[in-house]
Each structure stands twice: as structure tokens, then as C-alpha cells.
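Since the structure comes first, as C-alpha cells, the remarks are kept for the end.
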Amino acid sequence: MIETLLQGLLLGGLYCLFALGQSLMFGVMRLTNTAQGDFIVLASYGAISATTLLAVNPTVAGLVLVPVAFAFGYALQRFVLSGTLGRDPLPSLVVTFGLSIVIQNALLEVFSADPRSIESGGLATHSIALPGDLAVGALPLLIFATAVVCTAALQWLFSHTSLGRAFRAVSDDREIAELMGLDSQRIFALATGIAFMVIALAGLFQGLRTTVSPADGPLLLLFAFEAVIIGGMGSFWGTFVGAMVLGITQQIGFRIDPGWGIWFGHLVFLAVLVVRPQGLFPKTRG
Amino acid sequence: MTTAHVIRGTAASQAALWLGIALAALAASMPWWAESSWMREFVEIACYFIFAMMWNLLAGYGGMVSIGQQAFFGLGGYVMLMLGNFAGINPFVAIPLAALVAAAVAVPVSWVAFRLQGGYFAIGTWVIAEVFRLGFANMSAVGGGSGTSLTALRGIEKATRESLTFWTALVCVVASVALVYLFLRSKQGLALLAIRDNEVAAESQGIGVQRMKLAVYVVAAFGGGLAGALYFVGNLRISPDAAFSVNWTAFAIFMVIIGGIGRIEGPIVGALIFWALNKFFSDYGTWYLLGLGLLAIVVTIFFKRGLWGWAQQKWGWSLFPTHRHLSD
Amino acid sequence: MSSTLLRAQQLTAFYGDAQALFGIDFELHAGETVAIIGANGAGKSSFLKCLTGLLRAPREAISLDGQGIGGLPPGHIVKRGVAMVPEGRRLFPSLSVQENLQMGAFARRPGPWTLERLFKMFPILERKRHDPGTSLSGGQQQMVAIGRALMSNPRVLLCDELSLGLAPIVIKEIYDALPTLTGEGMSVVVVEQDVTVAQRVSQRVYCFQEGRVALQGRSDALTREQISEAYFGLGSGLSLSEGHP
């Protein structure tokens, strides 16, 4: 039982990385990125290309990928998504949905449908012994640790820096924030850039942990989304907790029957939606 | 003091009505002179079109953007199949029955889905569709993950079956268009437009916003189920992945966005363009889909009211007037 | 004779197709306090929005120190020294009192206004500095909103309906702080629905009516009759009772 719980927590770490970017973009811009999962897959393929073409190890690939992802996200917001923001959720939804289709098919063309993964050089199989006859994989533990660090970093950024203040102000009242002199387009682009840095990490780890194929995106999006809703919108630690709950739920489901894991997650998500729609740890916001 | 008259139609729309009737009559005669592949294509496009119409009703008029309408599409297909295979009901009769079931299911689904708003409502509906898909994939009675065939039509001769399917599709298309058009021109429709424009103001005028939204959601589910049941009568084989694929919604979104959301003629224009693109480019597989995606992005950013909406604004066209303007 | 600091010349403005301002002429001299009064929808807030860059205006229709500022982005205008206390306070709900004030300093200019100075002027805010901005009472929120505008060290302070929703004693407390600002040479534009208050705190008054200037003059020289005529656009000379517009 403890084993399942532990596996669930570690899986939750990955889901947290999936979800943080989503939480950030929605929190600052009220933008729902339906291509979130596909961008994660794109990042995975980016890491795969880097490790195979440039013959570098995953760490270096990651170090290259993260700043590239920042620039990509910044440009995407500045030039593509900025025109879709507004009270109507449809334009941003359609554009990100369109991006999802474009990415999936582009990846299919370039890489074919065969599942690929990143050579982890043994990291994926390495395990660490814990007291009580338990063992955890080194990679899942690393992912979990990264998730904790990213969540803490984002939370700190929002609460204790002037950029975080700007994020909160612009999301509260864009007009008055601009009155104070904020360039909202630049702020939005920065937020998206940061979100994409986390997406890059998520993609890297996903490719290390398991195989990826071009059509994987939508499922990852659903996991990210469920984590955000279960945890409660408006809070990064809430997203973290939501991801933990989702991970544990799925692991319990997997234990009962291999085909039930994901379904269990969906059911718990729907249950939370019915019983406590604001999520477990919502930040009340207008 | 002058009295103002409320004008509902335009000369162009009258002409279009007669043209539409003529086309429908011409189409109805097709089984006697057209190739069977044309009829099969028509059935397929009809399903896409009805689904897109309903999506347009939901999003453009009801203000609810959903990426999960395929839940009702697939449900319609499976219910039709189960009624046909297990209850011995004629599948053609089962089509409207399946649509009714989809509409009924939409009510409890709305209790969950309506907890969310905006973009998150959209993704939430997708999760629900996935739950449906996984549910049916676990039902061995209908073949589980690999699906099953519609055996109830086995006894009918191919040409007859194809003709019947074709006519059913034609009836469904005309019925859906008529349903949506009449609904939007009615008092309820006017209320819907009021809600779309300003929900708070509409509420204060005594319009039951939540009730209207539920009504639209149920109607859209009915239409989605209708399209799904019809599709699998034509296809004869169903599987969870085909029935609940998000591509259905993707194509519907594409058709509506290209044609212009919130306009009745939007899905018609979009379906025509989609059919044409399909005809010429679908052989290109991934590139074709990629192109569709790019087109949707470009149209959304640069032609905010769709290509038809842009034409409407530029040249004042209106085939399906739901607006009323005052004359003096 | 003090110089003209802020000037509007034949200012017109639109919300989409609807015209809000129909050729406003306006002057603010250095160091003075000018009030703008008028009924709802008269165009007072729209005018302030033009001055701060939230509403489009022709470049030369508004000038600060002789330089055209119409249509510039709000950030540029704040940097040149025009700050606004918006109608309804509009504090940031996700930010604390202190953070709200700090936001005002985003485009700060050199000057004497700092957090410490503000806290000296409004001591209650120091006690509540870490509370969410919107958890304060209306009057306290108004102090935060004023402080937020002051943090950029403006030369011109625009106040939109400071008294809205506040009790008379709180209104008095707020407006009693104004002389501290003007004593240091700040120029202030006060938009008010309460005519009595407007006349009391300003040297000159403009009365807007349906997007036009219906009346202007020295605050101590205008009579009740003149004002009510201009306010309502009537020629009947309705008399104004104390405290009611």
C-alpha cells in the first residue's frame, strides 16, 4: 500500500510539471492552452533530437532546451496568442487547438508514429533503497524533486518579486495595471516564456521516463488540467497537491486493474468537480 | 407618430429559400442517377455538417465552447447499435431514438460540466467524453476496445440500404437546419441572443439564463447523437476510438470558424469549403490536417467573424436572417 | 500669473462609434486645484481617461508643458508626471496594501513620495500594510488608491469621484489631505458629483454636460443657479439645496 502511495506521489511529480505551465498561463492571462500536452511532446522530441543529433547527454540537452523554450513561449505569446486574449474564450481555444493539430501532424511527418525515448544512460533503471524494504527509482525521485523546486520557485516569484506583483496586478485589472505603466503584452509574453520553461522540463522528463509518440499530447493535457482543477485554481501549491492526488488515484487504479488507472483519475476529477468545484485549495479570486 | 415595422427577411434570403428547396428536391432524386460513392460521401458530410451546426448553436449562440461534444456523437452511435443489434429495432428508426437518449444523458452531464466556465468548461467536456470512451471500451457486449459491427442491417440489399441511408441523411440535414433556424427566430431564440450579448442584463430582464443554457446544451446533444447514429448506420462498424474521437469536434470547429460562428449559414459555408478541401487534399494525410490547423489559426486571428462573416460585413449578405431590423 | 501646465484643446473622443466628448477646452495651471462637476454620463471620466492615455485622443489635443501627449500609452504619461486615482478605487485584489502602493511606483519619477511618507500621511495604512487591499474599508481603500497615484511622484494628480460611496466624515478626512499635496506645488484635478465639496476644495470649476463644457469659472464666484443650470442643461434656474447636486 505504501509502495502504491509512493509511486503515486512520484507520478504526481511529473503531473505537477505538466500542470504548472497551464496554471501559470491561466492565472496571468485567463488563457486556456489546449496545446499544453502537445508542447510537452514537442519538447520531448526536441530533447530526443538534441541527444541524438548533437550527441549530448540529457542534462546538456535540458540546459539548451530550457532557454530555447523560453524564447519560443515569449514569441508565441507576443505574435500569435496576444490577439486572442479577451473576454471570449473561443479564439484562444481555437488557436491553441489548431496549434495542437499542427504540432501533432508536423511531428508525425518528421518523426513518424513510432514511439521514441531519450537515452537516459541508466538513470531510468537506477533505483535507490529506502528504509522499510522500499525502493524508488532515481528518475522518479529526481522528477519529484524538480516538481517541488519549480512549484516553490513559481510561488516565490509570484509572492516576493516585483515581476510576480506585476503578474498578479495585470491579471487582476489589466487596465489599471497599464495605468501604472505596465506593458501588459510584455508581461504576458514573460509569463508564457516561463510557462514554456517548465514545459521543456516536463517534456525532457517524460521522454526519459517513457516513450513518446506524436499523438500523446491530448492525454497529457487532460492530466495537467485535472491536476489544476483538483488542486484549485489560483495557487501553485494547490496544483502540486492536485497532481499528487491524481498520481495516487491513478496508481491505485493501476493496481486494481492495468486498464483502470487513467479512468480512476477521470472519475476522481469529476467527483471533485461535483463535490467541491473550487478544488481542494482554491485562492479565492474574483 | 409613425409605427415601425420589424423586417425579418431580405430578398436574398427569399431567393435562397427557394433555391434550397430546389436543391433538396434534386438531391432526393439522387439514388436514381448518382453513383453510390457520391451518396456515401453525402452521408458522411451530412454527419459532419449536423455536428458542426450543433456545435455552432452551442458555442455561437449558447456561449458554451465545448471540445467534448463527441461524447454525444459516440453515444448516439452506440445506442443506435445496441437498439438495432439487441432490441431488434430497425436502425433507421433507432436513429432518432438514440438522439433522444443522448439528449436525456446531457442533463446529468450538465450537472457536472456546468461547474466550469470558459476554457476550462471546454476541457472538462473533453474529459467527460474520454470517460464515455473508456466506459464503452470496457463493455465487452459491444466489442470492448476494438468495437463491433451493426448486424441489424445484414438482411437488406446493399443498394436499398445505401438509398435509405442517403434519404435519412437528407431528412436529418433538412430537419436540423429547420430546427435551428426556427428555434433562433422564435422568442426563445431571441432570448438566447440576448444572453449571448449580455448575460447579466438578460438575467435582470427575467430570462432564465441557466435554463436556457441547459436547453441549448440538450438540443446540441440531441443533434450530436443524431449525427452519430446516422454516421454509424452508414459506416456499419463502430469502435470507441472512432465514435469518441476528438477529431469530430476538431472538424466541427474548423467548419464553423471558417464559415463564421454565430451565424446559421456559417456551418453551411464551412461544410462546403471543408468538403472541397477534403476532396482535393485529403490524400495528403498529415499535410492536409496540418494545413487545416494553420487555416483555422489564421482565420481566427485575422478574420474574426469567419470568412462568411467577413463577406457579410463587406457586402451585406444574409441568407438566414435571424436579425430583425426596423424600417420606417 | 502661473503657467498653464495641462491643456486640452477641442478634445473629442469616441467609444467605438459613440461620441463621448465634443470639443472640450480645458486648462490647468501649475499649483492650482480645478474641479470638474457634472451629472452621470456627462463625460467627466472619459475626459480623465483621455488625459491618462486610457482613451484615444489626437496627439496635440492634450498637451502637458506644451508637449502633445494625446494618445500616448498610459505608461508614458505616468512617466511625464500625470497620475490618476481611478473611479471606484480599483485596487488590485490579489495584492496587499503595501504591494498596491508599490505598483504605483512602477513608473516612478524622482520626488519626495515614498512608502514611509505615505504611511506618515495615512497611519492606518501602515498598520494594515500586509492585508489584502480589498479587505479595507471604503475610506481606507481610497487612501490606498491616492497613495498609489502619489508613489509615482506626479506633477498632476487626477482624482475621479473620490467621495463615491463614502460617508461625509470620511470624505472630509480624505479631502483634508489635499492641501498637503498642493502646498508642495502639485496640481490637482478633482472630478466630483458632490458640487459643494467640489467648490470647497478647488479654485476653479468646470461643469460638463453631455460631453461639453457648459460652464466654467472661479469656484467662489459661481452661483448655485448658474451651476444647476449648467449641470442639468436647464434654463429654469432650479435652486440647489445643500449637499445635493
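Please treat every number below as a calculation from the coordinates, not as lab data. Just so you know, these numbers come straight off a predicted model, no measurement behind them. All Cβ positions, even for glycine, are placed from backbone atoms using ideal geometry, and neighbour counts span all protein chains on display.
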The answer for C:Gly31, listing residues at least 5 apart or on another chain whose modeled amide H is closer than 5 Å to its amide H, is C:Ser187
How long, wide and thick is region B:19-245, going by the Cα atoms along their three principal axes, in whole angstroms, largest first?
-> 58, 47, 26
Hey, what number do you get for chain B at 222 nm if only DSSP H runs of n ≥ 4 count, each worth -39500 (n - 2.57), divided across all residues, to the nearest 500?
-> -23500 deg cm²/dmol
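When only C-alpha pairs under 8 Å and at least 6 residues apart count, what is the relative contact order of chain B, in percent?
Result for chain B is 34 percent.
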Averaging sequence separations of C-alpha pairs under 8 Å and six or more residues apart, then dividing by the length of chain A, give the relative contact order as a whole percent.
-> 36 percent
Mind telling me which of A:Leu93, A:Leu65, A:Leu130 comes out most flexible in a GNM of chain A, alpha-carbon contacts under 10 Å?
-> A:Leu130
C:Lys49: which lysines have alpha carbons under 18 Å from its alpha carbon, excluding same-chain residues fewer than 8 sequence positions away?
-> C:Lys79
If you put +1 on each Lys and Arg Cβ and -1 on each Asp and Glu Cβ, how big is the dipole of the protein assembly as shown around its Cα centre, in Debye rounded to 20?
-> 280 debye
Between A:Ala153 and A:Glu175, with labels modelled 7 Å along Cα→Cβ, what's the label distance in nm to one decimal, could you check?
-> 3.7 nm
Förster radius 51 Å - calculated FRET efficiency between A:Val68 and B:Trp310 (Cβ-Cβ, nearest 0.05) | 0.90
Hey, fewest Cβ within 10 Å first, where do C:Asp131, A:Asp114, C:Asp220 land in order?
-> A:Asp114, C:Asp220, C:Asp131
Sort C:Arg59, C:Arg212 so that the residue with the fewest other Cβ atoms within 10 Å of its own Cβ comes first and the one with the most comes last.
-> C:Arg59, C:Arg212
So what's region C:4-232 giving for Cα Rg divided by 2.2 N^0.38 Å, two decimals?
-> 0.97
Along region A:35-51, what does the Karplus equation 6.51 cos²θ - 1.76 cosθ + 1.60 (θ = phi - 60°) give for ³J(HN,Hα), rounded to whole Hz, x for Gly and Pro?
-> 9, 3, x, 5, 5, 4, 4, 4, 4, 4, 5, x, 5, 4, 4, 4, 6
So how far apart, in nm, are the two label points at B:Tyr284 and B:Ser186 if each is 7 Å from Cα heading toward Cβ?
-> 4.4 nm
Run down the lysines and flag those whose C-alpha is under 24 Å from the C-alpha of C:Lys120, throwing out any fewer than 8 positions away in its chain.
-> C:Lys128, C:Lys172
Quick one: what are the phi-derived ³J(HN,Hα) couplings along region A:59-68, Karplus 6.51/-1.76/1.60 with θ = phi - 60°, whole Hz, x for glycine and proline?
-> 4, 5, 4, x, 4, 7, 5, 4, x, 4
Please give the FRET efficiency for C:Glu225 paired with C:Gln203, using the beta carbon to beta carbon distance and R0 = 35 Å, rounded to the nearest 0.05.
-> 0.95
Along the Cα-to-Cβ line of A:Val274, 7 Å from the Cα, sits a label point; which residues in region B:134-159 have backbone N less than 19 Å from it?
-> B:134-136
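Would you mind getting me the FRET efficiency between C:Arg56 and B:Ser36? Use the beta-carbon distance for r and R0 = 60 Å, nearest 0.05.
After rounding to 0.05, the efficiency reads 0.50.
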Could you grab the relative contact order for region C:1-109? Cα pairs under 8 Å, six or more apart, rounded to a whole percent.
-> 22 percent
What list do you get for B:Val298, B:Val174 if you sort them by fewest beta carbons within 10 Å?
-> B:Val298, B:Val174
